[in-house]
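Everything below concerns the one structure shown next.
The values are calculated or read from the model by the stated rules, or taken from the named source; none is laboratory data. On a predicted model such as this, the values are computed, not experimentally measured, just so you know. Glycine gets a Cβ as well: all are built from the backbone with ideal geometry, and neighbour counts include every protein chain shown. To get the accessible areas, we keep the full protein, side chains included, count just its heavy atoms, and leave off ligands, DNA and RNA. Shrake-Rupley method; radii C 1.70, N 1.55, O 1.52, S 1.80 Å.
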Amino acid sequence: DFQRIDQLKQQVDEIMLRLHQLAVELLPPSLDKIGFADSLRQLIAQFSQRTSLPVELNIFGDVVTDMTPKMALALYRIVQEALNNVLRHASATSAEVLLNRHVNTITLSIEDNGCGFDPARIDSRRLGVLGMRTRIEELGGTFQLASEIGHGTTITIACPLANNQDASEK
């Protein structure tokens with residue numbers, strides 16, 4: 001019985017640690033403190049260190065100018081969810097996050113070299129995919145998921161900056 005109690009204590013400790021990690025992930029303090037681009041770099045570095053999955057980040061252009069806090073949080077959360085999906089489902093050996101500033105649009109691409117899947121067979125109500133799609137569509141953006149069995153998966157997001165210039169959000 002003492003052995004079972006010790007096991008339960010260990011499980012509770014592990015659950016508490018995970019809850020703490022989730023709380024930190026839910027409200028990333030670094031977005032306000034160090035900004036979007038550096039927060040993204042930090043997220044990816046920590047993810048790669050924790051999981052041993054190499055993730056390359058490429059940022060082109062001034063992605064932070066004209067980006068509202070709501071848009072920054074949405075893009076941050078999408079990268080976070082996409083990388084967690086890569087880890088859980090893709091059996092990938094690497095991933096890449098590409099962020100690009102166009103004149104009035106930010107594009108975000110998350111690509112892995114994993115096992116891929118048939119997108120027609122995915123349940124679009126799955127919380128991860130639904131959450132990513134909802135976050136970006138609320139900002140007037142588009143969400144695309146492309147995958148092929150044996151050839152990895154790519155999520156591509158485009159979000160207009162012009163629709164995000166609500167002064168109350170800045």
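L57 satisfies every condition listed in (1) of a type in the set (A, V, I, L, M, F, W, C); (2) in a helix (DSSP H, G or I); (3) under 16 Å from T154 (Cβ atoms) except (2).
One residue alone among V103, V86 is without any contact (Cβ under 8 Å) to a residue 24 or more places away in the chain and either among the aliphatic types (A, V, I, L, M) or more than 16 Å from I155 (Cα to Cα) (or both), and that residue is V103. A74 passes every criterion in (1) in contact (Cβ under 8 Å) with a residue 60 or more places away in the chain; (2) open to solvent by 90 Å² or more (accessible area, probe 1.4 Å) apart from (2).
The residues of segment 60-71 that are open to solvent by 50 Å² or more (accessible area, probe 1.4 Å) and touching a residue at least 40 places away in the same chain (Cβ under 8 Å), listed by number, are F60, G61, D66, P69, K70.
Considering segment 77-129 alone, what residues qualify as being in a helix (DSSP H, G or I) and either open to solvent by 70 Å² or more (accessible area, probe 1.4 Å) or in contact with a His (Cβ under 7 Å, 6 or more places away or on another chain) (or both)? Spell out the reasoning first.
Our first condition is that a residue be in a helix (DSSP H, G or I); within segment 77-129, this holds for 77-90, 119-121, 127-129.
Answer for segment 77-129, where residues must be in a helix (DSSP H, G or I) and either open to solvent by 70 Å² or more (accessible area, probe 1.4 Å) or in contact with a His (Cβ under 7 Å, 6 or more places away or on another chain) (or both): L87, R88, H89, A120, R121, L127.
Can you find a residue in segment 132-145 that is assigned to a loop (DSSP other than H, G, I, E, B) and aromatic (F, W, Y)?
At the first step, the residues of segment 132-145 found to be assigned to a loop (DSSP other than H, G, I, E, B) are 138-141.
The next check asks that each one be aromatic (F, W, Y); those that pass are none.
Looking for residues that are assigned to a loop (DSSP other than H, G, I, E, B) and aromatic (F, W, Y), one finds none in segment 132-145, hence no.
Inside segment 40-65, residues that are out of contact with any Lys or Arg (no Cβ under 8 Å at 6 or more places or on another chain), under 18 Å from R101 (Cα atoms) and either modelled with pLDDT of 85 or more or of a type in the set (S, T, N, Q) (or both) make up a count of 5. Looking across segment 130-150, the residues that are open to solvent by 60 Å² or more (accessible area, probe 1.4 Å) and touching a Cys at 6+ places or on another chain (Cβ under 9 Å) come down to T142, I149.
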